[in-house]
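Following: one structure in structure tokens, then a few remarks.
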């Protein structure tokens, strides 16, 4: 039903003009198959540095699936297959000669449902990824914990109980802990899969503030089905529908001046 | 759904079985009583069993005293000089089971991990094979252990160990014949691996995939993912799996009977890995038929059986408690 | 996506310092990925070794059974009267007959009780009572079989005054019924509630619901549980020692001692004669072939259904196939 042309503007990545990495991440012709099912069809998108890009669309449109491609999270799903390229800086995420672990150092991810390690303390949760990278110096670890918890707006609430098990935090706090944990590996890209969908309005507001604050320092890609949220915290928005990328552009333009009829209907709330 | 249920009823099952309104459905009452009896049967059996074993072993408790019987090491069935103590067999059971569990636990967790991470077409057949290992009867393990395994094990493992460390480390003292604590423990380990690995696998599968994703997101290798996400989360369940394996080992009879050397009395005290011994179940298997109901020999054996029953139930209750608790928490562990 | 040109405005004062500090910290990260991947591969090797180590005994035993037992097999061996040990011809006719009879008899006792208890747990009992009984069934399942043998001896052999098939069958039924009960319960749980609701709406009695609909729907899985419990008791030896005792005669009465294959194998192992050993391997081969045939048959016939209710006990067998290990969720699909 859709004959969507990919609305990525600018030169193709083989052109030299974009090589100065204005774009942190570039997805080229990405398709995802689950067995015979085509979940994401030939999506190309560029993600600029130091800004927030929102992926919106009705549930089942493939936005989460696409987001997971950007961190090779489909590797562990039997029967799934990803085609196309995802460039991060100069390297292809799907280059089979490079283990995804190398890329995951650059990409942090926050999931839909808060998933701190329940048996670990708050402190250990934050430093789990740092320790994997061989950093043992406790001063550095302390600094990272404080910084990341502050960035996630959690520091003031937990500064005195860093040894408390993560499981004792509330849902919203757990999710902010997960953000801190993702930030602790010092990523350049932050992927967020509906990070506030399981949270109450107040916790949601805190998460959105965090995202806005971080937006000047990271390339953030956030999946949301909440259009207000996309308007509130993103600079760019891409609209997906049944596996296709329908339209993308600056958030303001996409919501106020959509080029595609389907996008217009969606942002007006005619379906979803 | 309801619709399809109705269709099924009409097609296959409806022939005149509808209860007439107002008539007390007698079949229904019978059904309820019957199934309730079947349900309560297990409670009755356990109660009667404990009572029976207790009353039939009464003479030995009277004769030796509870403490005397449990801590005694004599085992003499000769008329007029009867004296019975169960300590060597209690220790034999506990020690062989503990060694077996120590060997089987790491192997089983390794197997469970293997089955989890390799592609299904390798993992599934491997799972089946491990299951078949459990299907082999105890007496066949015993036969193989007695006539095949023991010979190789004695010559290739026990003798070199004894030659190297026999004088210095007490564990390796005693001339190895292959009929001893260690070989019985190894056979036991082989036999409890399927249990421990199946339960370990299940408790590790119960770890929510969000936990695994979190670990991968941080850049873990698969092994690091297990260390970060799986082991901490399933620790209690793995301990439960180990205890469940211990419970199996404690009750195992035939293979142990055929391999442990079957000494009695003080000689059965487990002194080293290469020393023959005896377990609670093996002494019953070996002597029960010859014991005269007229003497206190039979009450002594029944007393051993009672101790075995209580130990096995205790261990299994603990394991059961830990494992079910662990499996119940699975999703609930993360509040939101 | 259309790009912007202006570099993002600094929203907070410390931004550049923070970005710089992050780069510093990032520089402290060790380039240890290679060594970590090596560790990962070594661990994969270790767990592969674990898996292989564990199945070596299986193949070793099976190989030994074939090598050691095949020469003993012939029609006479399987059906004949046992000869005198040491005189050249030993047969296991009565043992095979005894095993079949005793499995049949304990099934007659154990299966109805097990199914009844399973229905009680799933359909009849209050949830509190069912929980208690389920717990005791699970504990009972793990009671050493030799203790069950002792109990059967005290309860039946002493009562009747002699060893008998009844006592053995009673002992084995005690092993069987909790397995069948838990398998029944697991299967019944899988029957959708809507079936029951529909049946109740039609005015069917509870009895009719359980037997006609629920059991009919669950019968495949139930059969699996029953077959696996049969394979389990078929190999039991310990409880038979003090119940059926062993015999060199063919079947005469349920009230008399009898032989059984596992018991006979044990007795053979105690004898110092070469032909006893050969007969032992032969008998063990027959026993293992029967048991593995049940297992493999169940596995193939009910492929993908096998998990629940296996003789390995309720805890281990449940759910193994429902849970998918994959970390990649399809939850958004």
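Some points to look at:
- The alpha-carbon atoms of the stretch A:176-239 define a convex hull whose volume equals 81 cubic angstrom per residue.
- √(5λ) per eigenvalue of the Cα gyration tensor, the protein assembly as shown, largest first, Å: 62, 34, 25
- Gaussian network model of chain B, springs between alpha carbon atoms under 10 Å - residue of B:157, B:40, B:230 with greatest fluctuation: B:40
- All-pairs alpha carbon distance profile, the stretch A:116-186, 5 Å steps from 0, percent: 4, 21, 33, 27, 12, 3, 0
- Binning the C-alpha pair distances of the stretch B:57-212 at 10 Å intervals from 0 yields a P(r) profile of 10, 25, 26, 24, 12, 4, 1 %, listed from the shortest bin outward.
- Relative exposure of B:155, A:213, C:40, judged by other C-beta atoms within 10 Å (fewest first): B:155, A:213, C:40
- Relative to the longest principal axis of the Cα atoms of chain B, the long axis of helix B:26-56 makes an angle of roughly 20 degrees.
- Residue mean of other protein chain beta carbons inside 10 Å, C:33-39: 5
- Nearest-ten-degree value, helix C:127-141 long axis tilted from longest Cα axis of chain C: 60
- Calculated mean residue ellipticity, 222 nm, chain A: -9000 deg cm²/dmol, from DSSP H runs (n ≥ 4) at -39500 (n - 2.57) each, averaged per residue and rounded to 500.
- Over the stretch B:65-136, the fraction of Cα-Cα pairs per 5 Å bin, rounded to whole percents and listed from the shortest bin up, is 4, 13, 13, 14, 11, 8, 8, 8, 8, 6, 5, 2, 1, 0.
- Sorted by Cβ neighbour density within 10 Å, fewest at the top, the residues B:71, B:36, B:221, B:93: B:71, B:36, B:221, B:93
- Considering only beta bridges that DSSP places wholly inside the protein assembly as shown, some 60 percent are antiparallel.
- When only Cα pairs below 8 angstrom with a gap of at least 6 residues are kept, the stretch A:116-186 shows a relative contact order of 54 percent.
- A crude spin-label estimate for the pair residue A:98 and residue A:228, with each label 7 Å from Cα along the Cβ direction, gives 4.1 nm.
- Considering only alpha-carbon pairs that sit under 8 angstrom and 6 or more positions apart, the relative contact order computed for chain A is 27 percent.
- The GNM of chain A, with springs linking C-alpha atoms under 10 angstrom apart, assigns the highest mean-square fluctuation among A:232, A:105, A:72 to A:232.
- Burial ordering of B:282, B:138, B:55, fewest other beta-carbon atoms within 10 Å first: B:55, B:138, B:282
- Nitroxide proxy distance, nm - points 7 Å out along Cα→Cβ at residue B:266 and residue B:163: 3.4
- Compared with the alpha-carbon gap, the fully stretched path from residue A:200 to residue A:136 is longer by 19.4 nm at 0.36 nm per residue.
- Using a Gaussian network model of chain A in which every pair of alpha carbons under 10 angstrom is joined by a spring, one finds that among A:256, A:74, A:103 the greatest mean-square fluctuation is at A:256.
- The stretch A:135-241: relative contact order as a whole-number percent, Cα under 8 Å and 6+ apart: 26
- Cα point-scatterer Debye curve for the stretch C:69-317, base-10 log of I(q)/I(0) at q = 0.16 Å⁻¹: -1.11
- With the simple model of a label 7 Å out from the Cα in the direction of the Cβ, residue B:62 to residue C:100 spans 4.8 nm.
- Per-residue shielding of B:74-82, expressed as the average number of other chain Cβ atoms within 10 Å of the residue Cβ, stands at 0.
- Based on alpha carbons, the Rg and Dmax found for chain B are 25.6, 86 Å.
- On Cα atoms only, tilt of A:122-132 relative to the major axis of chain A in degrees: 70
- A Cα-only calculation for chain A places Rg and Dmax at 18.5, 58 Å.
Read-outs throughout are calculated quantities, based only on the coordinates presented, and are distinct from any laboratory measurement. Note that the structure is a prediction, hence the values are computed from the model and not measured. Don't worry about glycine lacking a Cβ; one is built from the backbone with ideal geometry, like all the others, and counts go over all protein chains shown.
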